[in-house]
Amino acid sequence: MVDGRSKWTPYVVVVAIQSIYAGLFIFSKAAFNNGVNTYVFIFYRLSAATILLVPIALIDMACRTTPAAAPAMSWRLLFKLFLYALLGYIYMLESLVCFIEHITDNNKRGKTINLVHQPQIESIGQEILAS
């Protein structure tokens with residue numbers, strides 16, 4: 001035990017997060033297949049999250065005797081975080097531009113893109129990874 005925590009805690013948290021994401025994906029897919037409007041679904045999802053998380057935050061805040069003091073962040077750490085966020089944003093934009101170019105190129109040739117068809121998904125993935 002390190003600091004009173006099990007060595008398996010990070011792995012349990014990762015599995016829990018991935019399970020929640022998988023459940024959300026399955027739930028979203030089922031809702032959209034049954035004709036739920038996207039905006040209505042997003043509203044319900046955010047409302048449910050608020051209803052679940054606000055009581056947990058209030059109980060946690062009430063149980064603390066002293067407010068948790070966060071350590072001060074250095075300028076070097078702030079600059080690193082900014083740089084990583086900027087690089088991630090630029091990479092995301094490059095991937096998006098490559099994806100849009102691939103779609104428009106296929107549309108100029110008169111092709112339609114079927115995202116259920118496996119070879120087309122692979123070619124789009126290869127285009128994005130190649131950029």
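For the range 18-90, the list of trypsin sites (Lys or Arg not before Pro) that fall in a loop by DSSP and count at most 16 other C-beta atoms within 10 angstrom reads 64.
The chymotrypsin sites (Phe, Trp or Tyr not before Pro) found in the range 1-62 that occupy coil by DSSP, while having at most 16 further C-beta atoms within 10 Å, are 8.
Taking only the C-alpha atoms of the range 1-69, Rg followed by Dmax gives 17.3, 49 Å.
Any read-out appearing in this document is the output of simple, stated calculations on the displayed coordinates, not a laboratory observation. Just so you know, these numbers come straight off a predicted model, no measurement behind them. Cβ sites come from the backbone with ideal geometry, for glycine too, and all protein chains shown count toward neighbours.
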